[in-house]
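Reviewing the structure listed below.
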Amino acid sequence: MVLVSAAREYVNRMLQDISGMKVLILDSQTVSIVSVVYSQSELLQKEVFLVELVDSISKSKESMSHLKAVYFLRPTLENIQHLRRQLANPRFGESHLFFSNMLKDTQIHILADSDEQEVVQQVQEYYADFVAIDPYHFTLNIPSNHMYMLPAVVDPPGLQQLCDRIVDGISAVFLALKRRPVIRYQRTSDIAKRIAQETSKLMYQQESGLFDFRRTEISPLLLIVDRRDDPVTPLLNQWTYQAMVHELVGIHDNKVDLSSTGKLPKDQQEVVLSSEQDAFFKANMYENFGDIGMSIKRMVDDFQQVAKSNQNIQTIEDMAKFVDSYPEYRKMHGNVSKHVTLVTEMSKIVEERKLMLVSEREQDLACNGGQVAAFEAVTNLLSNESVSDIDRLRLVMLYALRYEKESPVQLMQLFNKLASRSPKYKTGLVQFLLKQAGVDKRTGDLYGNRDLLNIARNMARGLKGVENVYTQHQPLLFQTMESIIKGRLRDVDYPFVGNHFQQGRPQDVVIFVVGGTTYEESRSVALQNASNSGIRFILGGSVVLNSKRFLKDLEEAQRIAKSSTNVV
Amino acid sequence: MATRNRTLIFRKYRDALKSVRVPSSSSPSTSSSGGGGGGPVIELASTSFLNHNRKYTPLSTEDPGNSSKGALTVGLPPAWVDVSEEISVNVQRARTKMVELAKAHAKALMPSFGDGKEDQRMIEGLTQEITGLLRKSEKKLQRLAAAGPSEDSNIRKNVQRSLATDLQNLSMELRRKQSTYLKHLRQQKEGQDGVDLEMNLNGGRSIIDDDNLDDMVFNEHQMAKLKKSEAFTVEREREIEQVVESVNELAQIMKDLSVLVIDQGTIVDRIDYNIQNVETTIEEGLKQLQKAERTQKRGGMVMCATALVIMCFIMLVLLVLKTILF
């Protein structure tokens, strides 16, 4: 609840004190921030009758002095420039400026300079600078996410931008929570270290007054980890509802775009999947695919019952009852058809790409040992005609990550086979992945084979057997959370920044994954929070990954790395 | 939920910059105060008024000397704003009436010694008034609609939507109230077939009235009782019919409104979807326009060309004829 309600509260506060007709002006980032927590009808209730983007509103010249402008923008250079122009020639009666993060003094100066006609009524910082997609899961939607993989030696100009955005996002989350955290980071990752240090500098030096909330409780923990510490999770096929939709179709800001899948009625081409608005989705987002089928069947049955009772209208009382329940009925109708469409679409894809077969192998590669058998199985699947290119690539990657050091000859064989099978495969991508996220780079015990305890645990699990072959994988994050709960996160692997150390067990933990989170991890966090361990986890990332996005980032990074080494 | 207010700092900067800028921009303001006031005494008053006004620049609709500055910000809201305000006033009125109606309903349903006619009349009056208000507002709402892809029409559409949602909620509430009232009435009516306390009391009073007029006590008694109760039933029947009628009317309004109201939780209710939609419709409009222009141009050209070709033919024929004949 925390993140979503905090962001909602910020929007509420922006709008409630300004009476009269309003126009809300957003930028491309704050549109997502506001959209995931607020709806159009709620805006209308607050008398916001027009929502515009800051760069498109400057094109129109029409004067609308009967409206009051409420700007909600990120304090970026372009936005300030847009604002300057608009303040110099005001089209609206009043202007209320809200920024999603800390303004620099020079920025205020520029704005004050252009406000010759004194239309600005207030300038505020409301720290809603994160996209709260789920109650415990936020993302920053950074388009240039692939930058984090580049080595610091190259130091492309985009890297600093990425860092700044992440630092902004993290500090906004803590300002919204009104806490100042102690900060830890993953030792082996340069980018995690850099972000941790910059965040610490901001919170304890530059803006220490703003972050000083005079709280006496134990400070919360901010843990910054790198995606490359667990490259397996984004490569796996998913079988729980939310994660699966993202993997197979793609969720963007809680919206699913189905228009590419074929003939669908117009109102079904893009649907909303929000745990806040959709009770069915909230109840089933973490269930696996088989159970979803059952739940949907039950929902359809319920709906049919309602539909039947609506059909025989004989008396006036029936009619009155029908009219009363009609809006509810319509809502239900929309919801049922939405979920049915989604599940049908997904099962079609599963059938087409033979995902049952592929995924079983993937889970095996991720969770169980046995190199010889694995090699054989992967080779077989590579020659299977109905397996798609992307699945082949992922299988080889998973195999390579697991058996990086064992029998390089067989690994080479797999590379060759992959290259001959999938013409689109760019050579060296798997090698690049190994270079980026190989065993030497990782801090966490990804496969649970480094210390004796983990090996023993794995063996115990192997003896017990698993409930569901397709969902047996646990992300590395799960282990990290467990060690935090038990207070066993090692200082050597996850050092503190500065001299602010943890005293006692934290109650709030924010884990930020540089490079993006997955919905599988989000599920893991939500389940952990539901289990009442006394610690509340919040997960954040620069984007929400599915395997497509992860591979795209990888390719992009490889391309840049290659061209920069060529230059050098 | 931390926030930080930077307004003070902003004001400070702005005022500092203003004092720097004074030499260039002070001339219009002094001239305005001079033009606005006739004498020194009035000038004092008017300057203070101006200063006060400056805070709300958009509101200052007159200020002759300042026109160059004022022209940008001054502007009366478009006419449809009045319509929307009328509707919201109507909604407000309907809402207060609704509270009264609820009270009247409660009163009418209480067992009473009178025949309750006054209550009935009041309820009827109120219900009609509310439905009237709703219908009027709904008609006005249709007038708000505007065509065209401009921002203004967008606002109008949104205002329309928001008012429609209000109206729909109101009419739903009214209907719910009526149907519960109806149910209670029905129950009471059924109760009268048996021995009803209220009925007995009513009848008891009528006995005394009848006593003075007639001698045939017992039979007349029963007759009167029967008649009374018959009249009562007819009366109630009529009321029920009326309520049903207004329910139907409301249903019609509801149907009309449901086109406008946004379904919550759907893609239409997403803010970003609406923004995208506006952009695409504008782009599409532009494309259509360009296409239309092209076809129009080409159409004229083709017509011209064909006409010329036909003329050429005719001339040729004429020429041939001329050479053959002469």
When the charge dipole of segment A:224-281 is computed with +1 on Lys and Arg Cβ and -1 on Asp and Glu Cβ about the Cα centre, the Cα farthest towards its positive end, among A:Ala243, A:Thr233, A:Val256, belongs to A:Val256
As a percent rounded to 5, the proportion of antiparallel DSSP bridges among beta bridges in chain A is 20
Pick out, from A:Gln304, A:Ser5, A:Pro408, the residue whose Cα sits farthest towards the positive end of the charge dipole of chain A, with +1 on the Cβ of Lys and Arg and -1 on the Cβ of Asp and Glu.
-> A:Pro408
Taking K and R as +1 and D and E as -1, what net charge do the other residues with C-beta under 12 Å from the C-beta of A:Gln268 add up to?
-> -1
List the relative contact order of segment A:228-346 as a percent without decimals, with contacts defined as Cα pairs under 8 Å and 6+ residues apart.
-> 24
Could you look at chain A and say what percent of its accessible area is carbon and sulfur, using a 1.4 Å probe and all protein chains?
-> 51
If we count every other residue with Cβ under 12 angstrom of A:Ala366's Cβ, Lys/Arg +1 and Asp/Glu -1, where does the sum land?
-> -2
Where the only charges are on Cβ atoms (+1 Lys, Arg; -1 Asp, Glu), what is the dipole of segment A:483-529 about its Cα centre, to the nearest 20 debye?
-> 180
Probe 1.4 Å - accessible area at B:Leu109, Å² to nearest ten | 40
Report the local net charge at B:Tyr273: Lys and Arg +1, Asp and Glu -1, summed over other residues whose C-beta lies under 9 Å from its C-beta.
-> -1
What are the aspartates and glutamates whose alpha-carbon lies under 15 Å from the alpha-carbon of A:Lys417, with same-chain residues fewer than 8 places away excluded?
-> A:Glu376, A:Glu385, A:Asp389, A:Asp391
Residue-by-residue Karplus 3J(HN,Hα) for segment A:89-100, coefficients 6.51, -1.76, 1.60, Hz, glycine and proline x = 10, x, 9, 10, x, 10, 10, 10, 9, 10, 10, 8
Asked for the total accessible area buried by B and A (1.4 Å probe, Å², nearest 100), one would answer 6200
For A:Val492, tell me the accessible area in Å² from a 1.4 Å probe, rounded to the nearest 10.
-> 100
When a/c is below 1.5 the answer is rounded, else prolate if a/b is larger than b/c, else oblate, so apply that to segment B:234-312 with a ≥ b ≥ c taken from the square roots of the Cα gyration tensor eigenvalues.
-> oblate
What residues qualify as long-range amide H neighbours of A:Gln122, i.e. H under 5 Å apart, gap of 5 or more or another chain, H built at 1.01 Å from N?
-> A:Leu97
Rounded to the nearest 20 debye, dipole of chain A from Cβ charges on Lys, Arg, Asp, Glu = 1160
Result for segment A:240-298: accessible area per residue, probe 1.4 angstrom, in square angstrom, of 44
Calculated FRET value between B:Glu245 and A:Ser483, using beta carbons and R₀ = 56 Å, to 0.05 | 0.20
Can you work out ³J(HN,Hα) from phi for every residue in segment A:282-296, in order, using Karplus 6.51 cos²θ - 1.76 cosθ + 1.60 and θ = phi - 60°, giving whole Hz and x for Gly and Pro?
-> 4, 6, 10, 5, 9, 7, 7, 4, x, 5, 4, x, 4, 4, 5
Can you give me the relative contact order of chain A as a percent, contacts being Cα pairs under 8 Å and 6 or more apart?
-> 18
Pairs beyond 24 Å (Cα-Cα), from A:Lys201/A:Lys441; A:Lys405/A:Lys435; A:Lys552/B:Lys287; A:Lys46/B:Lys107 = A:Lys201/A:Lys441; A:Lys552/B:Lys287; A:Lys46/B:Lys107
Of the listed pairs A:Lys266/A:Lys297; A:Lys297/A:Lys331; A:Lys266/A:Lys331; A:Lys263/A:Lys338; B:Lys97/B:Lys177; B:Lys136/B:Lys255, those with alpha carbons more than 20 Å apart are A:Lys266/A:Lys297
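The values are calculated or read from the model by the stated rules, or taken from the named source; none is laboratory data. Computed from a predicted structure; not experimentally measured. All Cβ positions, glycine included, derive from the backbone under ideal geometry; neighbour counts span all protein chains shown. Each accessible area value is taken on the protein alone, full model and side chains, heavy atoms only, with ligands, DNA and RNA left out. Shrake-Rupley method; radii C 1.70, N 1.55, O 1.52, S 1.80 Å.
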